[in-house]
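What follows is calculated from the coordinates using simple rules that are stated; it is not laboratory data. Computed from a predicted structure; not experimentally measured. Counting neighbours? That spans all protein chains shown, and the Cβs are built from the backbone with ideal geometry, glycine included.
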Amino acid sequence: MTLRDSVAVVTGGARRLGRATALALARAGCHVVVSHRQPAAAAAEQTVDEARAFGVRAEAYAADVSDPTAAHGLIDHVVATFGRLDLLVANAGAFRRTPLEQATAEDWNAMIHGNLDTAFFCAQRAGLYMRERGGAIVAVTDVAAFRPWAGYGAYCAAKSCVVALVEELAVELAPMVRVNGIAPGPVLFPDDFDPAARRREIERTLLRREGTPGDVAAAVLFLAQADYITGTVLPVDGGRLLFARDR
């Protein structure tokens, strides 16, 4: 895939990793659609304005992509507006602490809807379109899918399901569509993340530092263009998984 003049959708593209990815794609000459939940509308418009500064077409689209109708509507809108879709970055996600003794059905459903459903329903529609024309899907999961954290069971389970989804879609959509994943490690901790836990995670990273949104965006761009890679999940974790395996 050549990114220049391609068309990409980035779900959860208004802020954080999604914003960095959308801007990196625009910098590479890719037209981008920034999908966002309604509360992030202002941030999405700011991201779009910055993307347009690179000379590409960009627009924001409000949708709760955990809902199949909304997710399918997003993909249909992009194809109708731009005439094509080359890349889906399934980045939209949700994060919540859910200690086992306190977790509720609402907690469980929120993590499944916010992490797995958001990836599946967009990929379902995009994949069926791309299967006729070619394209790539990159889903954002988490190193917690491989090394779960105590107290975050629902989140870790949902992200593990995203890993399985990447592999299943790679099989089902081959050979026309490549499907891969990114598993960030200590990158952009939530604002309310416990400082001691944050230091502990960084200390357990071989590179002894926190990653940046640009590190994740660079990995997305690599997989979007890596024409002989499909069905893999690339850790962007500074060696966090190796540290855990060594101890």
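Residue farthest toward the positive end of the dipole of region 171-236, with Cβ of Lys/Arg at +1 and Asp/Glu at -1: which of Ala183, Ile202, Val220?
The residue sitting farthest along the positive end of the dipole is Ile202.
How big is the dipole moment of region 39-184 about its Cα centre under a simple scheme where the beta carbon of each Lys and Arg is +1, that of each Asp and Glu is -1, and everything else is neutral? Debye, nearest 20, please.
Dipole size: approximately 380 debye.
Work out the length of the dipole vector of the chain about its Cα centre, built from +1 on the beta-carbon of each Lys and Arg and -1 on the beta-carbon of each Asp and Glu, and round it to the nearest 20 debye.
Value, rounded to 20: 640 debye.
Taking the chain as a Gaussian network, Cα atoms linked when under 10 Å apart, which of Tyr228, Tyr61, Tyr129 shows the biggest mean-square fluctuation?
Greatest mean-square fluctuation among the candidates belongs to Tyr228.
How would you rank Cys161, Cys156, going from fewest to most other Cβ atoms within 10 Å of each one's own Cβ?
The most exposed by this proxy come first: Cys161, Cys156.
Could you tell me the distance between the Cα centroids of region 205-232 and region 58-104, to the nearest Å?
20
To make sure I understand, if each residue's beta carbon is the centre and we count other beta carbons within 10 Å, what order do Glu132, Glu201, Glu59 fall in, fewest to most?
Going from sparsest to densest Cβ surroundings: Glu132, Glu59, Glu201.
Considering only C-alpha atoms, what is the centroid distance from region 162-198 to region 1-53, in Å?
Between the Cα centres of region 162-198 and region 1-53 lies a distance of 18 Å.
When a footprinting reagent is the concern and you count Cβ atoms within 10 Å, what order do Met1, Met130 take, fewest first?
Fewest-to-most ranking of Met1, Met130: Met1, Met130.
For region 69-130, state the average projected area of the convex hull of the C-alpha atoms over all orientations, rounded to one decimal in nm².
That works out to 4.6 nm², a quarter of the Cα hull's surface.
With Kirkwood's inverse mean 1/r over C-alpha pairs for Rh, give me the Rg to Rh ratio of region 90-240, two decimals please.
Reported Rg/Rh (Cα atoms, Kirkwood Rh): 0.99.
Using only alpha-carbon positions, what ratio does the radius of gyration of region 56-165 give when scaled by 2.2 N^0.38 Å?
Ratio of Cα Rg to 2.2 N^0.38 Å: 1.17.
Taking just the alpha-carbon atoms of region 156-247, what radius of gyration and Dmax come out, in angstrom?
14.9, 46
Using helices alone, what [θ] at 222 nm do you get for the chain, with -39,500 (n - 2.57) per DSSP H run of 4 or more residues, divided over all residues and rounded to the nearest 500?
Only helices count here, giving -14000 deg cm²/dmol.
Under unit Cβ charges (Lys, Arg +1; Asp, Glu -1), what dipole magnitude, rounded to 20 debye, does region 27-101 have relative to its Cα centre?
It comes to approximately 180 debye.
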